[in-house]
Amino acid sequence: MALPTRYMIVQRSLGSASVPPQDANTEEYTYVASALDIAFALLSTEKVKATMVYVARFFDQTVTEVPRIFADASDAVVSARINSFIEALRGQMPLIVIDGRLTDQRIPAYHPRGIWSGNFNPSDQMIVLNKSLVDSMVGAVNTSGLFRRFQFQFANIFLHEIGGHLLFTYLYDGRPMTPPQMMPLSWSGQAQPGSSEPAGESGRFLEDVLLQGTLEFFDTPQVSSAWIVDADGNAKRVTMQAIDTAVINRSFTLPYPTANPLTNVSSLIASQGRLEVARTAGQTERHFIARAKEQPIRFYISRSDLRLVPNNPSVLAQKVQA
């Protein structure tokens, strides 16, 4: 039997920011863990790692809040840091929080950067998911194509948050904000929340370099349809074959194959107005992470079973006793 794979996935309910962590239910845990597993396979590809090397160099060239770390570094040195990051994730992913307090549909997820020192431990960091979006994925289990599109969406949300945000928490000890130069043209003009200062968006920047455009999800022509959008707001839809190959087979052609016709979606992007949350983890969130890590293990699922989930969502993790 394959060794069990464990991810730390909890809920945070509506109400006070200080509410204790709650267990995810079986479906939430399984389907989020499946998407996270797909994302790790994607992050481990040579194409994505090479893109992270490029993005890390660009970040380092434009950051002003902290000293540069790659000024005189060779590509081999930067690549070694990226590989170390991936290996750290192989041992433990960050805490995943399905957050009932996150209700703004324009924010599917975010990573609050936690300042750290010593040895980097991914489980001391968190990625927060919009619970209503998770609920939509759970509700799609009886519609196979829709469920796989949601699995693809969440896998790429994790790519964005881990490869585009958590990476810089790792490289710079959680301290700097993203330089404003790191913003695809299709998303230029955004300001930091609560500020008139221009925003940087390293997750979107990663997408733009890797996929030759940002990856957007619109409910057209079907719910949770994936589109690659260029700097002019022109988009092509990612094919269902590409989605199935990614989530079922863990095989990735990058950029993702798309289908004609070319469609202008600039009006959809403008109306969607996706918000990108940029902030550090405060005391309340650090306390939440510590309490979540103290909870007993609740679910196990083998890696081989986890790979079956996108095509067979009836395969579920097993709840275990404390």
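Output the pairs from 49/319; 47/293; 49/293; 47/236 with a Cα-Cα distance over 31 Å in this structure; if there are none, say none.
Details: 49/319 34 Å; 47/293 33 Å; 49/293 29 Å; 47/236 21 Å.
Violating the 31 Å Cα-Cα cut-off are 49/319; 47/293.
Order these by the 10 Å Cβ neighbour count, fewest first: 74, 79, 304.
Values: 74 9, 79 16, 304 12.
Result, fewest neighbours first: 74, 304, 79.
Taking square-rooted eigenvalues a ≥ b ≥ c of the alpha carbon gyration tensor, is the chain rounded, prolate or oblate, where a/c under 1.5 means rounded and, failing that, a/b exceeding b/c means prolate? The shape class here is rounded.
Count charges around residue 246 for me, please; just the other residues with Cβ under 13 Å from its Cβ, Lys/Arg as +1, Asp/Glu as -1.
Details: positive: 47, 148, 149, 250, 307; negative: 37, 244.
Charge balance in the 13 Å sphere: +3.
Comparing Cα centroids, the stretch 18-49 and the stretch 281-322 end up 9 angstrom apart.
What ranking do 49, 236 get, fewest neighbouring Cβ atoms within 10 angstrom at the top? Walk me through the intermediate numbers first.
Details: 49 16, 236 20.
Taking fewest neighbouring Cβ atoms as first place, the list is 49, 236.
The spread of Cα positions in the stretch 127-182, taken along each principal axis and listed from longest to shortest, comes to 43, 19, 18 Å.
Each of residue 68 and residue 123 was given a label point 7 Å from its Cα along the Cα-to-Cβ line. The distance between the two points is 3.8 nm.
Helix-only estimate, please: 222 nm mean residue ellipticity of the chain, summing -39500 (n - 2.57) across DSSP H runs of length 4 or more and dividing by its residues, to the nearest 500.
On the way: 11 runs with 123 residues, N = 322.
Rounded to the nearest 500, the figure is -11500 deg cm²/dmol.
When only the Cβ of Lys, Arg, Asp and Glu is charged (+1, +1, -1, -1), the dipole of the chain relative to its Cα centre reaches about 580 debye.
What shape does the stretch 1-115 have by the C-alpha gyration tensor, where a ≥ b ≥ c are the square roots of the eigenvalues, rounded means a/c under 1.5, and otherwise prolate means a/b greater than b/c and oblate the rest?
Details: a/c = 2.60, a/b = 1.53, b/c = 1.70.
In terms of gyration-tensor shape, oblate.
Scalar couplings 3J(HN,Hα) for the stretch 94-99, obtained by applying the Karplus form with A = 6.51, B = -1.76, C = 1.60 to θ = phi - 60°, are x, 4, 9, 10, 7, 9 Hz; x denotes Gly and Pro.
List the relative contact order of the stretch 4-319 as a percent without decimals, with contacts defined as Cα pairs under 8 Å and 6+ residues apart. Write out the running numbers ahead of the final one.
On the way: 525 pairs, mean separation 77.1, N = 316.
In percent, rounded to a whole number, it is 24.
Span-like helix check, the chain: qualifying full DSSP H segments, with Cα axial length of 20 Å or more and mean Kyte-Doolittle of -0.5 or more, are 26-43, 46-62, 75-91, 144-158. Between residue 284 and residue 80, the distance separating the two model label sites (each 7 Å from Cα on the Cα→Cβ line) works out to 4.2 nm.
Laboratory data are not the source of any read-out in this text; all were calculated from the coordinates shown. In this text, all values refer to a predicted model and were calculated from it rather than measured experimentally. A quick note on method: Cβ atoms are made from the backbone with ideal geometry, for glycine too, and the neighbour counts reach across all protein chains shown.
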